[in-house]
Amino acid sequence: MPLAGVPECVQIVEVGPRDGLQNEHAEVATADKVAFIDRLTAAGLAVIEAGAFVSPKWVPQMADTGEVFRAITRRAGTRYPALVPNLVGLDRARACGVSEVAIFGAASETFSRKNINQGIEESFATFTEVCEAARRWGILVRGYLSTSFGCPYEGTVPVGRVATLAARLLDLGVFEVVLGDTIGVAQPGQVAEVVGAVRKQVPIEHLALHFHDTRGTALANVLMALQLGICTFDASAGGLGGCPYAPGATGNLATEDLVYMLNGLGVETGVDLEALVAASRFIEQALGHPLPSRYLRAEQARMRKTMSSHD
Ligand code: HMG
Ligand code: MG
């Protein structure tokens, strides 16, 4: 039984292969991306954001998303969404048999322009086209709202604007609105304030949260959000991540750290923590630098100690 006041189960949306790898300077071989995603599938993640059909000039790290989708082993029951900024992206996704995409708007004008070269109003016109085409083709759409807790260029973002834009995304027909803490500034008090305002316009079951862990508050934010009734959280294996258009943004909340906390609370996730650590260790080796997840670091230290005591 879970702790009183928190949901019995939580859905984790694994964003490491997209939000994580889009921010890596080293070139990651397509085969390594595929092997990473297949390992995440084996670890029981029910939703794995596998790439982004964005401009290769803007984000070269995602240029091979089509090849990745063609090569991964898709398990029945597991969802593999991808980011699409416009109709060109949606077409590319459809050509690879993608059945779920995510549009990504922002709650601040400057970030929207820097990230997708469109202001907020213009971007909603584009999203309307994407959602209409997706509906015709039977493709599900998730809707991110970046900078919901603060903008790297404008600072504070008015809560009322976040709520209005979240409601507009839902009106476009997205099945879920994801409030993004793009630069990891949110803290639990602010989570209560923002979710409290947004839920008046977007039913809580259509809301998800996407925390970056720049200031070490992501797990505390999740604990607050669980008590508010949120049941879907984004996270990245090993704490990979960042955003190329958000200076200073570090990795997402690490999936291992999230699963460890949820296991302790008695909340079901369906994720095998040991297999997840194996997936993170695999991509860590491919990248050639350590990943920040606290749980992963502790496991690595424990394994080293066990091995040295066998010497
Ligand atoms: P643009 O330059 O304004 O695009 O970029 P355009 O429409 O003028 O087209 C220019 C060229 O790009 C054309 O080709 C298009 O065909 C091509 P050309 O005629 O020059 O040969 N093009 C494309 N190619 C491939 N795929 C496409 C595509 N669209 C146009 N989809 C655009 C506008 C939106 C494309 C660009 O700004 C872009 O790709 N931006 C993506 C940036 C990005 O991926 N950011 C990171 C993800 S968001 C994030 O991390 C936040 C999140 O995690 C939540 C959070 O943390 O809060 C989601
Ligand atoms: Mg992000």
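Here are some notes:
- Annotation: the antiparallel percentage among DSSP beta bridges lying fully within the chain is about 5.
- Placing +1 on the Cβ of every Lys and Arg and -1 on the Cβ of every Asp and Glu, with nothing else charged, gives the chain a dipole about its Cα centre of roughly 100 debye.
- Cα gyration tensor shape of segment 146-271, rounded if a/c is under 1.5, else prolate or oblate by comparing a/b with b/c: oblate
- The mean sequence distance of close C-alpha pairs (under 8 Å, at least 6 residues apart), as a share of the length of the chain, puts its relative contact order at 21 percent.
- Helices assigned as whole DSSP H runs in the chain whose Cα atoms extend at least 24 Å along their own long axis and whose mean Kyte-Doolittle hydropathy is 0.0 or higher are not found.
- For segment 232-284 versus segment 116-190, the gap between their alpha-carbon centres in whole angstrom: 22
- For segment 215-311, the direction-averaged projected area of the alpha-carbon convex hull comes to 7.7 nm².
- By average C-beta atoms within 10 angstrom, highest first, the peptides 127-133, 292-298: 292-298, 127-133
- Note: relative contact order over segment 1-118, using C-alpha pairs below 8 Å and six or more positions apart, is 22 percent.
- Of the residues GLY160, VAL141, GLY189, the one whose Cα sits farthest toward the positive end of the charge dipole of segment 132-192, with +1 on the Cβ of Lys and Arg and -1 on the Cβ of Asp and Glu, is VAL141.
- Built amide H within the under 5 Å cut-off of ALA106, gap 5+: SER146
- With the highest mean first, a sort of the peptides 16-24, 197-205, 216-224 on other beta-carbon atoms found within 10 angstrom per residue produces 16-24, 216-224, 197-205.
- DSSP beta bridges in segment 87-222 [antiparallel fraction, %, rounded to 5]: 5
- Computed over the chain, the per-residue total of -39500 (n - 2.57) for DSSP H runs of n ≥ 4 gives a 222 nm mean residue ellipticity of -13000 deg cm²/dmol, rounded to 500.
- Put simply, when 79-88, 115-124, 232-241, 253-262 are sorted by average Cβ atoms within 10 angstrom per residue, most first, you get 232-241, 253-262, 79-88, 115-124.
- Of GLY105, GLY251, GLY270, the one that fluctuates the most in a GNM where the chain has Cα springs shorter than 10 Å: GLY270
Just so you know, all these numbers are worked out from the coordinates, no wet-lab data involved. Computed from a prediction, not measured in an experiment: that's the story for all the values here. We place every Cβ from the backbone using ideal geometry, glycine too, and count neighbours over all the protein chains shown.
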